[in-house]
Amino acid sequence: MSGGAEWTVEVERAVCVGNKMCVAVAPDVFEMAEGKSRARTARVRPSESVVDAYESCPVSAIVVRDETGEEIESGI
Ligand code: SF4
C-alpha cells in the first residue's frame, strides 16, 4: 500500500440496517449513532480492516473510495 494515500469512507445511513458488523471489524473507523453506523472520519489510511468492514456489510451501505475517487473493490 502506498504511503500517503487516503481513502474516503461514507456510510449510506438510509441503507444501513445497524447490525454493527463494520463497528466490530473496524471500531477505529466506524461508530454507531442512533442505531446506525457512521464513519468516525471521512478520510482514512488504506487498511485491511477498512476493506474487511466494507466486505462485511450485508447491505453494501459502506462506500469507500480511493485517492482517485474510484470505489474500491473487494480483494485488495
Ligand atoms: S455493516 Fe453495514 S449495515 Fe451493518 S452497521 Fe455497518 S454499515 Fe450498517
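Values quoted throughout were computed directly from the atomic coordinates according to the rules given, and no laboratory measurement underlies them. Just so it is clear, the model here is predicted, and its values are computed rather than measured. With ideal geometry, Cβ positions are generated from the backbone for all residues, glycine too; neighbour counts draw on all protein chains shown.
I'd like the full set of residues that are part of a loop (DSSP other than H, G, I, E, B) and near the ligand (Cβ under 6 Å from one of its atoms), limited to the stretch 9-18. Talk me through it step by step, then tell me what you get.
Applying the first criterion (part of a loop (DSSP other than H, G, I, E, B)) to the stretch 9-18 yields 12-18.
Of everything in the stretch 9-18, those that are part of a loop (DSSP other than H, G, I, E, B) and near the ligand (Cβ under 6 Å from one of its atoms) turn out to be Cys16, Val17, Gly18.
If you go through the stretch 37-76, how many residues are within 13 Å of the ligand (Cβ to nearest atom), closer than 19 Å to Ala14 by Cα and either outside any strand (DSSP E or B) or of a type in the set (Gly, Ala, Ser) (or both)?
Qualifying residue count, the stretch 37-76: 12.
Which condition breaks for Ala14 when tested against (1) surrounded by fewer than 13 Cβ atoms within 10 Å (Cβ to Cβ); (2) in contact with an Asp or Glu (Cβ under 7 Å, 6 or more places away or on another chain)?
Of (1) surrounded by fewer than 13 Cβ atoms within 10 Å (Cβ to Cβ); (2) in contact with an Asp or Glu (Cβ under 7 Å, 6 or more places away or on another chain), only one is false for Ala14: (2).
Go through the residues of the stretch 19-27 one by one and say whether even a single one is closer than 14 Å to Glu71 by Cα and part of a helix (DSSP H, G or I). Can you show your working first?
As a first pass, look at the stretch 19-27 and keep what is closer than 14 Å to Glu71 by Cα: none.
The answer is no; no qualifying residue exists.
Does Ala24 fit the bill of being within 13 Å of the ligand (Cβ to nearest atom) and surrounded by fewer than 18 Cβ atoms within 10 Å (Cβ to Cβ)?
Details: within 13 Å of the ligand (Cβ to nearest atom): yes; surrounded by fewer than 18 Cβ atoms within 10 Å (Cβ to Cβ): yes.
When the stated conditions are applied, Ala24 passes them.
Quick one: would you say Glu34 is within 13 Å of the ligand (Cβ to nearest atom) and loosely packed, with under 11 Cβ neighbours inside 10 Å? Outline the logic, then answer.
Values: within 13 Å of the ligand (Cβ to nearest atom): yes; loosely packed, with under 11 Cβ neighbours inside 10 Å: yes.
Answer is yes for this residue.
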